[in-house]
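Novice: Before anything else, here's the structure in question.
The values are calculated or read from the model by the stated rules, or taken from the named source; none is laboratory data. The structure displayed is predicted, hence computed values, not measured ones. Glycine gets a Cβ as well: all are built from the backbone with ideal geometry, and neighbour counts include every protein chain shown. Protein only, heavy atoms only, side chains kept; ligands, DNA and RNA dropped before computing areas. Shrake-Rupley method; radii C 1.70, N 1.55, O 1.52, S 1.80 Å.
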Amino acid sequence: LMAGLEKIPAVVIYGSETASLVHSRGIYRFPLSQPVLADDDGQCSSLGNSATSWGAKDWEACIVEDRDCEFVPGQFIWTGFDYIGEPTPYHTKNSYFGQVDTAGFEKDPYYFFQAAWTDFKKAPMVHLFPYWDFNPGQLIDVRACTNAPEVELFVNGVSKGRRKIDHAHGTKLTADWQVEYAAGTITAVAYDGQGREAARDSHTSFADSSRIMLYPDKTRLKADGKDMCFVCVETSDKHGNPVENASDYVKISLEGPGRIMGMDNGDSTDYDDYKNNVRKLFSGKLLVVVGTTGGPGEIRVKAEGRGLESAETVLVSEGDAGADQSCLEDCRRLASAKNELPRRIPVRKAEIRALDGRCITENKRELTVEAVLYPPNTTDRELIWKAVNGAGIPVGFADVEPMDCGDGRNLAKVTAYGDGCFIVRCMVKSGEGIVLISQLEYKAEGIGQAYIDPYSFVAGGLYTRAFGQLGNGNEKGVATQRGEISGPVYDHVNFGGFGSDEITLPVFALDSKAYDIGIWLGAPYEEGSRLLTTVTYQKPSIWNTYQEETYKLPERIRGMATIAFTVRDKVHLKGFVFRRLTKAYECLWAEDASGVYGDSFRRDGRAVRGIGNNVVFVFDDMDFGCEGAAGVTVCGGSTLDVNTIHIRFTDESGAVSTRILEFKGTGGVCRERDFSLDGIKGKGKIELVFLPGSSFDLEYVRFWRTREDKGETPRE
């Protein structure tokens, strides 16, 4: 595009749908460095780290690319407001693209664009986020947007450093700090470049809601039945601090010539009726739209909530009545509605307290954590604990399990099985869904290498490295790059001693064409890596929906391995899972033996040939289940008329039993022979014993429950 425009310099372009970043007002996912498109609560991060796979990578990219191209006169951001429909990345009710939510409340990116597009000499501004109410010791990414050239952060009066912002030429247009949360006040002070303060913004820690606050955008309305007043509903704590994550239900009632035209909180996951007089706050705010009914007089707007000091504001409807009375009938009915406050008291915060530290070591393998719910009388009390990574995806090397102490406290036990950093997450559930997420960073060290279990579903977002550029995928997946080869790499995947050769991939493709997916053993194109196979995915595309396909690999992947996937186009990969093979009933090649020892034998690919005196094959970790094996197939060859093979089974208790197989000669050509068995049940170890005088070539053995499930003869 750039090369083409250089040849025709008179041509200009503009952005008709830019950004496509998603945010939920007042919802933050840490750390900032971790992209998080989707999460368990159906919300997107307003920190600036929720990017779609097709949109801009961050806010700065939206500004810098236009600013530095003289032939680009501007852009239309997709979108200014949230709107009903297209709820990417979820299946909720409205979009997350807006700089302003459906209630008209500004999100954090609103101020980012304000900082980029205004002159600090004329209208200096600074916007600080997030709010200041998290878990003790939690690492918080604090950000500030300002149109000034310099900004400084103070936490409880202590400077955390100044940041310079070059709006004309820089690529970093926000100021960022990472600090541990401690109750108090954070303040951003913007400077004019000469050391003089130009603007400031602050957030102070707060407690539970105590009082309702009403903020009308005007107090005088025309009595024409068309004029409206937008009343913002907020709450404050007992000290007068705004409760910026309040979720209290509020009931609105009117007296006088007014009507409630609608209520909204901007929450994409809230399905309460817009035409109502009771609704809850979302991230501390609720909008009430009040209209006139065509007559003059005072309109008293009253707000009340459970356990809250009520609030009232007076609006004045003035002038002659001029409204069409027929269109006001439904509104009058709504104004007189007697909906009551629900019994539910929504949770505002789940404070995670690390009771005995946040570092798990070899000598301290378990830690106790507590969740304290606010307000104390919340009816949302169902908790879900998880150990996750920064993207909210469960990790395989740590667990968090609730503890029943009998005293009503919400305690949980944190355990780690490998080294690494992880996050203890406490989620609060109400009804069918998660309504709140709280988290705190932990680490484990000195325990051993953490690994990925391929037999439990591995989310695409758990990749440890990337080949090429990757984007956020829906449902914690990953998206490859359009028009380029790219894909995720997963290190330390533990397939166990026997391994697996069958993989299932859930894929969402934007169209129905065929996509070739390379499956690698090792990182793509690195020394020592190899392309294991290329599989083809092709299904009719269903928007925003993953569809599974299962593939058979040309060989089993065993032990600790690195695996990767590459695609030369854009698809969404939700993740992968391998089928756990039941070793006892799979084809066991001679090379699969845990150990081979004896006087004489030689390895030949998968087979072992020239088996002579006193040779023993050991197959560990065999589980024949409760029903047990009915028989075994041995594929081998012998020049003897009969070659005797002893099958010795040692169960978990140490009891040993032996079966004798008389394998008839094959003239040295390998053939299958079936033998009936009985009594081999449960877990244990199998040994194939070749006695003195043997002369045998062994390719494989396969145990079976019935003759019908013997399976096909394996092929090289």
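Novice: Taking all protein chains as present, what is the carbon and sulfur share of the accessible area of region 611-656, in % to the nearest whole number, probe 1.4 Å?
Specialist: Result for region 611-656: 46 percent of the exposed heavy-atom area is carbon or sulfur.
Novice: What percent of all Cα-Cα pairs in region 143-197 falls in each 10 Å bin, counting up from 0?
Specialist: 25, 53, 20, 2
Novice: What nm distance separates the two modelled labels at THR379 and LYS681, each placed 7 Å from Cα along Cα→Cβ?
Specialist: That separation, rounded to one decimal, is 5.3 nm.
Novice: For the chain, report the accessible area per residue in Å² (1.4 Å probe, heavy atoms, rounded to an integer). Please report the intermediate quantities before stating the final value.
Specialist: Details: 32150 Å² over 716 residues.
It amounts to 45 Å² per residue over the chain.
Novice: Expressed as a fraction of 2.2 N^0.38 Å, the rule-of-thumb size for a compact globular protein of N residues, what is the C-alpha radius of gyration of region 126-255?
Specialist: The value comes to 1.34.
Novice: Could you work out how far the C-alpha centroid of region 180-226 sits from that of region 438-510, in angstrom?
Specialist: So the separation of the two Cα centres works out to 42 Å.
Novice: Gain in length, CYS359 to GLU445, computed as 0.36 nm per residue apart minus the alpha-carbon separation, to one decimal in nm?
Specialist: Values: separation 86, 0.36 × 86 = 30.96 nm, distance 0.75 nm.
Additional length available on full extension: 30.2 nm.
Novice: Also: With Rg and the Kirkwood Rh both taken from Cα atoms, where does Rg over Rh land for region 450-558?
Specialist: The Rg/Rh ratio comes out at 0.93.
Novice: Using the Kirkwood radius over Cα pairs, work out the Stokes-Einstein diffusion coefficient for region 44-188 at 10 °C and 1.306 mPa s, in µm²/s as a whole number.
Specialist: Using the Kirkwood radius from Cα pairs, D works out to 95 µm²/s.
Novice: Report, as a whole number in µm² per second, the diffusion coefficient that Stokes-Einstein gives for region 52-134 at 37 °C and 0.692 mPa s using the Kirkwood radius over alpha carbon pairs.
Specialist: For the chosen part, D equals 224 µm²/s.
Novice: Moving to a separate point now. Please report, to two decimal places, log10 I(q)/I(0) for region 538-654 at q = 0.17 Å⁻¹ as given by the Debye formula with identical point scatterers on the Cα atoms and no solvent.
Specialist: -1.05
Novice: Would you list which lysines come within 26 Å of LYS513, measuring only between C-alpha atoms, while excluding same-chain residues fewer than 8 positions from it?
Specialist: Result set, ordered by chain and number: LYS476, LYS539, LYS552, LYS570, LYS574.
Novice: Also: Expressed as a whole number of Å, what is the distance separating the alpha-carbon centroids of region 548-620 and region 639-705?
Specialist: Comparing the Cα centres of region 639-705 and region 548-620, I get a distance of 20 Å.
Novice: While we're looking at this one, here's another question. Starting from the Cα of LYS539, step 7 Å toward the Cβ, then list every residue of region 41-62 with an amide N under 20 Å from that point.
Specialist: Residues passing the 20 Å test: none.
Novice: What value, in deg cm²/dmol to 500, does the helix sum -39500 (n - 2.57) over DSSP H runs of n ≥ 4 give at 222 nm once divided by the residues of the chain?
Specialist: -1000 deg cm²/dmol
Novice: Turning to a different aspect of this structure: Relative contact order, percent, of the chain when contacts are C-alpha pairs under 8 Å separated by at least 6 residues?
Specialist: Contact order relative to length: 8 percent.
Novice: Expressed as a fraction of 2.2 N^0.38 Å, the rule-of-thumb size for a compact globular protein of N residues, what is the C-alpha radius of gyration of the chain?
Specialist: Normalised by 2.2 N^0.38 Å, the Cα Rg of the chain equals 1.24.
Novice: Heavy atoms of the protein only, probe of 1.4 Å, neighbouring chains included. What is the accessible area of THR92 in Å², nearest 10?
Specialist: 30
Novice: Rounded to the nearest 20 debye, what is the charge dipole size of the chain about its Cα centre when +1 sits on each Lys and Arg Cβ and -1 on each Asp and Glu Cβ? Don't jump to the answer; show the numbers that get you there.
Specialist: Values: 82 positive and 103 negative charges, 54 e Å.
The dipole magnitude comes to about 260 debye.
Novice: Give, in nm to one decimal, the length gained when the segment between GLU548 and MET228 is fully stretched (0.36 nm per residue of separation minus the Cα-Cα distance).
Specialist: Details: separation 320, 0.36 × 320 = 115.20 nm, distance 5.12 nm.
So the extension gain works out to 110.1 nm.
Novice: Another question, if that's okay. Rank HIS167, HIS492 by accessible area, highest first, at a 1.4 Å probe radius?
Specialist: HIS492, HIS167
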